[in-house]
Amino acid sequence: MPTQLLKAAPVTAALYEELKRKISGFKNQHGRSPKLVTVLVGEDPASQIYVSKKGSTCHALGMAHEDFKLSSNISEGELLLLLDRLNADDSVDGILVQSPLPKQISSQRVYDHIRPDKDVDCFSATNVGLCAQNRALLLPCTPAGIMELLRFYKIAVAGKNALVLGRSDIVGKPMALLLLHADATVTVAHSKTSDLAEHIANSDLVVSAIGRRGVLTGTLPWKSSCTVIDVGIHRIADGRVVGDCEFSEIEQKVAAITPVPGGVGPMTIAWLMANTVKAAYFRKGN
Ligand code: GUN
């Protein structure tokens, strides 16, 4: 069997058709579109690209988008005051503060300041807790996007050995939770894990959120039935964007793998859009 390439495009096309229907339904009922506000602090080039992609996707779907661009030397207090205003503004459904934030600002204090029912990233302590208990309204975008990709391609998770590489608050930890809620047997490996090869040999599904290249190569003992999800995004010397995996080596050894670009990245944005629409309906009581 040839390796299956798990592209996001057909998944996002189906999701966006459904979202467009919900967005026009919301507009008819409430006289306005669901609205996402993004907040960008500083001038990190990658963050600028991500935020602009989020805005253009909102517009393509018929949603409203407003972007606050703040100077990198803004104080934490000033940022929290802006969030107070956005929290109280009934026309704002989703609030996303792009990470990373400058050193003088505590990211967690900022995320905890966003109203949980507008926290479309699912970074606030309240939403992380609800997610851990499997009763969250808004799920974290990258892990939930990955679960949607697996559902679309009918890749079963229940009873399978899933290996999550990386233990970040944004991807690794919530990914492990969502896989656990889907009845996978979950292992989380990280920089101090002693025998990665042993874990890879035992895995039916590997989600890589290491954020580093060179660890996942074709020489590892991959199961031929394994599915590989690559969350990494790296721009390499020749200008290409690649993932954590040595794609050309691993592709030949496994059953299915996500491309980079065109895999996890678009799924994250699609889930952000879905969360914003969900948040809009929720605050209107449905
Ligand atoms: N920076 C990189 N990825 C993300 C994300 O998903 N949300 C936010 N807020 N910042 C990010």
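The chain: Rg/Rh from Cα coordinates, Kirkwood Rh? Display every interim value, and only then the final one.
On the way: Rg = 19.1 Å, Rh = 19.7 Å.
Across the chain, the Cα-based Rg/Rh ratio is 0.97.
Taking N as the number of residues in region 20-63, what is its alpha-carbon radius of gyration divided by 2.2 N^0.38 Å? Please list the in-between numbers first.
Values: Rg = 13.0 Å, N = 44, 2.2 N^0.38 = 9.3 Å.
This ratio for region 20-63 stands at 1.40.
Quick one: grab the alpha carbon gyration tensor of region 170-214, order the square roots of its eigenvalues as a ≥ b ≥ c, and give me rounded if a/c is under 1.5, else prolate or oblate depending on whether a/b is larger than b/c.
Working: a/c = 2.02, a/b = 1.27, b/c = 1.59.
Oblate, since a/c reaches 1.5 and b/c is not below a/b.
Once fully extended, how much extra length lies between N87 and T219, figured as 0.36 nm per residue of separation less the alpha-carbon to alpha-carbon distance? Show your work: numbers first, answer last.
Working: separation 132, 0.36 × 132 = 47.52 nm, distance 4.99 nm.
The span from N87 to T219 would gain 42.5 nm if fully extended.
At 7 Å along Cα-to-Cβ for each site, give me the label-to-label distance between S24 and T126 in nm.
3.4
In nm, give the distance between the simple-model label positions of S72 and K192, each being 7 Å from the Cα along the Cα-to-Cβ direction.
The two pseudo-label positions are separated by 3.2 nm.
Can you put D112, D121 in order, fewest other beta carbons within 10 Å first? Each step should come with its number before you reach the end.
On the way: D112 18, D121 21.
Fewest-to-most ranking of D112, D121: D112, D121.
Quote the charge dipole size of the chain about the Cα centre in Debye, to the nearest 20; the model charges only the Cβ of Lys and Arg (+1) and of Asp and Glu (-1).
On the way: 31 positive and 28 negative charges, 122 e Å.
Dipole size: approximately 580 debye.
Using a 10 Å cut-off around each Cβ, can you sort S106, S124 from fewest to most neighbouring Cβ atoms?
Numbers: S106 13, S124 20.
The fewest-first ordering by Cβ neighbours comes to S106, S124.
Let me check I've understood the local charge: for V242, count other residues with C-beta under 15 angstrom from its C-beta, Lys and Arg +1, Asp and Glu -1. What total comes out?
Values: positive: R212, R213, R235, R240; negative: D230, D238, D244, E246, E249, E251.
Result for the local shell: -2.
Could you calculate the contour length gain from N202 to D183, that is, 0.36 nm times the residue separation minus the distance between their Cα atoms, to one decimal place in nm? Walk me through the intermediate numbers first.
Working: separation 19, 0.36 × 19 = 6.84 nm, distance 1.66 nm.
Length difference between fully extended and current span is 5.2 nm.
What fraction of the DSSP beta bridges in the chain is antiparallel, stated in percent and rounded to the nearest 5?
Details: 2 of 32 bridges.
Around 5 percent antiparallel, to the nearest 5.
Considering only C-alpha atoms, what is the centroid distance from region 83-119 to region 14-49, in Å?
16
Ranked by Cβ crowding within 10 angstrom, fewest neighbours first, how are E17, E66 ordered? Write down the numbers at each step before the final one.
Numbers: E17 9, E66 15.
Going from sparsest to densest Cβ surroundings: E17, E66.
Cross-link partners among lysines for K7, C-alpha distance below 20 Å, same-chain residues fewer than 8 apart left out?
K53, K54, K154, K253
What number, rounded to the nearest 500 deg cm²/dmol, is the helix-based mean residue ellipticity at 222 nm of the chain, given -39500 (n - 2.57) per DSSP H run of at least four residues and division by all its residues?
Details: 10 runs with 120 residues, N = 286.
Rounded to the nearest 500, it is -13000 deg cm²/dmol.
Just to be sure I understand: with springs between alpha-carbon atoms less than 10 Å apart, which residue in A237, A162, A182 has the highest mean-square fluctuation in the Gaussian network model of the chain?
With Cα springs under 10 Å in the chain, the top fluctuation among A237, A162, A182 is at A237.
Computed from the coordinates by the stated procedures, all read-outs in this text should not be read as laboratory data. Only a predicted model underlies this, so the values are computations on that prediction, with no experimental measurement involved. Cβ atoms come from the backbone with ideal geometry, glycine included; neighbour counts cover every protein chain shown.
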